[in-house]
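Heads up: the structure comes next, in C-alpha cells.
No value in this document is a laboratory result; all are computed from the given coordinates. Since the structure is predicted, the reported quantities are computational estimates derived from the model, not experimental observations. Counting neighbours? That spans all protein chains shown, and the Cβs are built from the backbone with ideal geometry, glycine included.
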Amino acid sequence: MRQPNVLLVTLDQWRGDCLSVARHPSVSTPNLDRLAADGVRFASHFAQTAPCGPSRASLLTGTYQHVHRSVLNGTPLDNRFTNVALEARSAGYDPVLFGHTDTTVDPRTVPAADPRLETYEGALPGFRVGLHLPEHRESWYRWLESRGHDVSDRKRFLRPRDDVPVPDGRGASWPPAPFDADETETAFLVGEVIDEIGRLEVSGDPWFIHASIYRPHPPFTVPAPWHDLVDPATVPQPIVDDAGRHAFLDAARSMGVYRPPVAELDVRQVRATYYGMMGEVDAQVGRLLGALDDFGATDDTVVLVTSDHGEMLGDHSLMSKLGFYDEAFHIPLIIRAPGFLGEKVAGRVVDGFTENVDVMPTLLDLIGSQVPRQCQGQSLRPFLDGSVGEGAVPDNWRAAVHWEFDFRAWAGSESLRGVPGHLCNLAVHRDHQGKYVHFAGLPNLFFDLVNDPNEQDLYTDHLQMSRYAAALLDWRMATDEQDLSDHLAVPGGMIVLGG
C-alpha cells in the first residue's frame, strides 16, 4: 500500500464543545461536521498543557510536560527529543509547516548570538517552512498590501473597525474587521497550503503538511459576514462559580489578560464573536478539504484536525487558557483516514479518553513508521480500523486524562506571595466522575463531575481526594522518562530489560 499523504491541521484555541455536530447551540461548523461524518470524532479529547508553545511541544513530541519541560512560551525544547516531523522525515517524507509551532531552540545547540534565542516563535526541527506566520504576521500584511490595502497602520487589522456604529444589542467586539472574508489570515494560509498541495501532487510522492491555523485565537475580531453571524442575546450564559476563593484563581483574575469584559453585553458579544470566528475558520477548512477533492487526493490523505488548547471565554470569570477547567483543555479531535477506516467506522464518535500525546504515535502508525519509545501516548488506529467495537476501548486503555499547568511567571503576585516559582504548578487527574487538581504549593481542589458537571462547587471529601491523589501519583510515576531506564550494561554489551 502506498504511504498516505498527511494533513495535520491545528486550530488555535478551539474549545472542544464548539462544534455543531456536538450540538453546540451557537456554533455552525458544517465542514468540520462533514469531516467527522467521513471519519471518527473523539469527543473526550484533551490537551496536555497551555499555553501554545508548551502544548505544541506535547502534541508534536508525544510527551507530557513533566517530561519535555517546556513550560512557558519561550522555554526551550530540549534538543534530545525527536518529534513527528523528524520521524516523518526519516520515513521518507518532506514535512512542510504552514503557520507556527512556537518552538524555542535549545540554547546549547546554537551560538549565543543566534537570533532564534530571542523569540518563542521558532519552527519545530524537521519541518521545511513553507510559510512562517507568527504573531507579527508580516507575510500576511505584505499579501494584504498586494491586494490594495494600506498596511502602514498594521494594528488596525487586529481590531474591529472604529468607523462602524455598534447597533443596539451588540457589544464592543461586534464591528467587522477592515478587510474582506477572503482576506483573513486563515484564508491567506489556506491558499498557500493549497498551492503547495498542487505542486506536491504533480510529483506523485506522498506528502506531509502541517497547517497550523492561528484562529480563533484572539484578538476577537472577524470580517463580515462572520462578525454578525451570532446574536449575542442567544449565546449560552457564562458559567458562574459558587466555589469561593482560591489563591490560584485570585492571581489569575488579578491580571488583565485573564479578566473578561466588565459589561454583560460585551461578554456575550465576545462569545458571539468567537463563534463567528469559528465559522470563518470552518469555511476555510472546507476550502482546504475541497482542494483535496479537486486534486483527487482525498482517498490518499489522512486528515487530522485538533487544537493546542481551549478558551475560557468568560466561564468561571476567566478568559484565555490556563489552569484546570475543562473549557481550557477539552479540545476537538477528528481523524479521517480513508485507507484505514474499518467497515462502518465512518461517522463514529469515540467517548473514551484521548489526549494530544496520542497524535504523534497515531500519525507514525498510519504512515508505517516505528513509534519512538519517547512517545507516551498511544496510537488511535484501533478506533479507526474497527479493531474495537462502537462504544468500546482497547484493553488497558486509559480511564482518565491528565494535564499540567505551570504558572511560575505569576510568582511574586499578591495572591501567590511566598510561593517560589518552581512550586507554581499544578497537575490534573480527571475521569468521568471527578476531577482532582494537585498544586505543588497551594491547597488542592476536587470537583464532583456527576453532581456538578460545570465545576461550580468545590468539594472537600478527603477520602475521594486521597483516592484521586493516589491515582495522579500512579500516573506521574508511570510516565517518567524511560528512554534509557530499561537499558543495562552487562558483560557482552548493553541489553534492554524486557526487550
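Taking H as built 1.01 Å from N, whose amide H comes closer than 5 Å to the amide H of ILE331, not counting residues under 5 places away?
HN-HN under 5 Å from ILE331: GLY16, HIS45, PHE46, ALA47.
Ratio of alpha-carbon Rg to the 2.2 N^0.38 Å globular estimate for the range 332-399, to two decimals, please.
Dividing the Cα Rg of the range 332-399 by 2.2 N^0.38 Å gives 1.05.
Starting from the Cα gyration tensor of the range 269-367, take the square roots of the eigenvalues, sort them a ≥ b ≥ c, and report rounded, prolate or oblate (rounded when a/c is under 1.5, otherwise prolate if a/b is larger than b/c, else oblate).
Because a/c hits 1.5 or more and a/b fails to exceed b/c, the range 269-367 counts as oblate.
At a threshold of 8 angstrom on Cα-Cα distance, excluding pairs fewer than six apart, so keeping six or more, what relative contact order does the range 5-402 reach in percent?
Relative contact order here is 31 percent.
Rounded to two decimals, what ratio of Rg to Rh does the range 318-439 give with C-alpha atoms and a Kirkwood Rh?
With Rh from the inverse mean 1/r over Cα pairs, Rg/Rh is 1.07.
Once label points are set 7 Å from the Cα along Cα→Cβ at both ASP452 and ARG142, what is their separation, rounded to one decimal in nm?
Simple spin-label model gives 5.3 nm for this pair.
Using R₀ = 56 Å, calculate the FRET efficiency as 1/(1 + (r/R₀)^6) where r is the Cβ-Cβ separation of ILE495 and GLU414; round to 0.05.
0.55
What FRET efficiency, computed as 1/(1 + (r/R0)^6) with R0 = 56 Å and r the Cβ-Cβ distance, is obtained for ASP205 and LEU473, rounded to the nearest 0.05?
Efficiency computed from Cβ-Cβ geometry: 0.75.
Is any helix in the chain, taking whole DSSP H runs, at least 20 angstrom long along its axis by alpha carbon and on average at least -1.0 on the Kyte-Doolittle scale, and which ones?
185-203, 264-294, 462-478
With labels modelled as points extended 7 Å from the Cα through the Cβ direction, what inter-label distance (nm, one decimal) is found for ARG2 paired with ALA113?
4.9
How high is the relative contact order of the range 383-428? Use alpha-carbon pairs under 8 Å, at least six apart in sequence, and give a whole percent.
35
Going Cα to Cα from LYS321, which lysines come in below 30 Å? Please leave out same-chain ones fewer than 8 positions away.
Cα-Cα hits under 30 Å: LYS155, LYS435.
Expected output is a single nm value to one decimal: the length gained when fully extending between GLN482 and ASP395, i.e. 0.36 nm times separation in residues minus the C-alpha distance. What is it?
Full extension of this stretch gives 29.1 nm more.
Evaluate the relative contact order of the range 359-413 (contact order divided by residue number), counting alpha-carbon pairs under 8 angstrom at least 6 apart; express in whole percent.
26
Can you compute the equivalent ellipsoid semi-axes for the range 392-499, i.e. the square root of 5 times each eigenvalue of the Cα gyration tensor, sorted largest first and rounded to whole Å?
After scaling each eigenvalue by five and taking roots: 33, 23, 11 Å.
Once every DSSP H run of n ≥ 4 in the chain is given -39500 (n - 2.57) and the sum is divided by its residues, what mean residue ellipticity at 222 nm do you get, rounded to the nearest 500 deg cm²/dmol?
Helix-only estimate at 222 nm: -8000 deg cm²/dmol.
Would you mind computing, in nm to one decimal, how far apart the modelled labels at ARG34 and LYS155 are, each placed 7 Å from Cα along Cα→Cβ?
4.0
Taking the chain, how much of its Cα-Cα pair set, in percent, is spaced more than 35 angstrom apart?
So the portion of pairs separated by more than 35 Å is 32 percent.
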